[in-house]
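Working notes for the structure below.
The values are calculated or read from the model by the stated rules, or taken from the named source; none is laboratory data. The model shown is predicted, which means the values in this text are computed figures rather than measured ones. Neighbour counts are summed over all protein chains in view; Cβ atoms, including those assigned to glycine, are modelled from backbone coordinates with ideal geometry.
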Amino acid sequence: MSILQTHSCHSSYNRLKYVFNEPVHSYQKTDKRVLAATGFNIKMLHDNDGRISVTQNGAYLERQFRTVLKRAHNPKRRYQAQTIIISFDPSEFDTSDLKTQSQQALQLVQHYVRKHFADCQSAIAIQSDGEGGKLHAHVVMNTIRPSGKTVATNRFNIQKLRKDFDEEMQTNYQKVTGRQWTNPIHNQSNRQDIHNLTTKSEWQQQLKELINQIKVKVDNIADFLKQLEQHGVTVTKR
């Protein structure tokens, strides 16, 4: 299974600039920031041969995002973009032929986005310049659709995104690559301590009991957080 993440972004400009115009992060696999690119409901720069260029201008793309954003009821909304990051397992793409595999990865991600987010404005970039050189995709999506309506946040539920992309790989990976796809997660050997692992419900109950115990011992938030940390529980302020 490809590792998938999603993030809400305050600035579409910063995110698009980061994806397309940052210097190469690592030269381990490639000297290019972007290996393949495409988009939906957005104009992309093209090479002389008519193909979408891997060199895109973040400011040019952001102006198009901003034009759509102005159609929203609240154009000064807090979050302007949503990103989906798909990091492929080495068993899916071993990066031995980046030119071919980046196009195959783009085809899979493009089909996935077309199926689930065709009504949204988005830019897609395939990269392999991160630490470890894994092939991965960035999908930067406007939080406002071209119609002016908001993209519902529940469409970015991480469990749903992962399930849908697994279905994409199950259905189309072999068609695109010529190789059979077997979910890497399912292939992992069973953990020896599997029967000793705490379930989600047990963990939640233990945390609830710990919080209640500490609450009666302290009278301020600083001591409360310190006590939690001493028990291995950290709190991140958002």
Residues located in region 215-232, provided they are of a type in the set (Val, Ile, Thr) and modelled with pLDDT under 80: 216, 218
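For every residue, the table says whether it meets (1) closer than 21 Å to residue 148 by Cα; (2) modelled with pLDDT of 95 or more; (3) in contact with a Lys or Arg (Cβ under 6 Å, 6 or more places away or on another chain); (4) among the basic types (Lys, Arg).
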{"residue": "57", "(1), (2), (3), (4)": "no, yes, no, no"}
{"residue": "64", "(1), (2), (3), (4)": "yes, yes, no, no"}
{"residue": "81", "(1), (2), (3), (4)": "yes, yes, yes, no"}
{"residue": "99", "(1), (2), (3), (4)": "no, yes, no, yes"}
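Results for (1) outside the structural domain of residue 70 (by TED's automatic domain parsing); (2) among the polar types (S, T, N, Q); (3) modelled with pLDDT under 80, shown as yes or no for each residue.
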{"site": "132", "(1), (2), (3)": "no, no, no"}
{"site": "136", "(1), (2), (3)": "no, no, no"}
{"site": "146", "(1), (2), (3)": "no, no, no"}
{"site": "155", "(1), (2), (3)": "no, no, no"}
{"site": "159", "(1), (2), (3)": "no, yes, no"}
{"site": "171", "(1), (2), (3)": "no, yes, no"}
{"site": "182", "(1), (2), (3)": "no, yes, no"}
{"site": "198", "(1), (2), (3)": "yes, yes, yes"}
Qualifying residue in region 37-60 (condition: in contact (Cβ under 8 Å) with a residue 40 or more places away in the chain, part of a helix (DSSP H, G or I), assigned by TED's automatic domain parsing to the domain that holds residue 99 and under 23 Å from residue 119 (Cα atoms)): yes
Residues of region 7-39 that turn out to be surrounded by fewer than 19 Cβ atoms within 10 Å (Cβ to Cβ), under 15 Å from the mean Cα position of the chain (by Cα) and not small (Gly, Ala, Ser), as a count: 3
Residue match in region 81-97 (condition: assigned to a helix (DSSP H, G or I), out of contact with any Leu (no Cβ under 8 Å at 6 or more places or on another chain) and polar (S, T, N, Q)): no
Residues of region 115-139 classified as outside any loop (DSSP other than H, G, I, E, B), within 21 Å of residue 160 (Cβ to Cβ) and within 16 Å of the chain's Cα centre (by Cα), total: 8
In region 61-99, residue surrounded by the fewest Cβ atoms within 10 Å (Cβ to Cβ) [restricted to those that are acidic (Asp, Glu) and in contact (Cβ under 8 Å) with a residue 40 or more places away in the chain]: 89
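For (1) modelled with pLDDT under 95; (2) assigned by TED's automatic domain parsing to the domain that holds residue 86; (3) among the β-branched types (Val, Ile, Thr), each residue gets a yes or a no:
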{"residue": "111", "(1), (2), (3)": "no, yes, no"}
{"residue": "116", "(1), (2), (3)": "no, yes, no"}
{"residue": "123", "(1), (2), (3)": "no, yes, no"}
{"residue": "140", "(1), (2), (3)": "no, yes, yes"}
{"residue": "163", "(1), (2), (3)": "yes, yes, no"}
For residue 159: the one exception among (1) assigned to a strand (DSSP E or B); (2) surrounded by fewer than 16 Cβ atoms within 10 Å (Cβ to Cβ): (1)
Extreme residue, modelled with the lowest pLDDT, among residues of region 20-45 that are of a type in the set (A, V, I, L, M) and closer than 23 Å to residue 97 by Cβ: 24
Scope region 66-79; condition more than 25 Å from residue 157 (Cα to Cα) and modelled with pLDDT of 95 or more; matching residues: 67
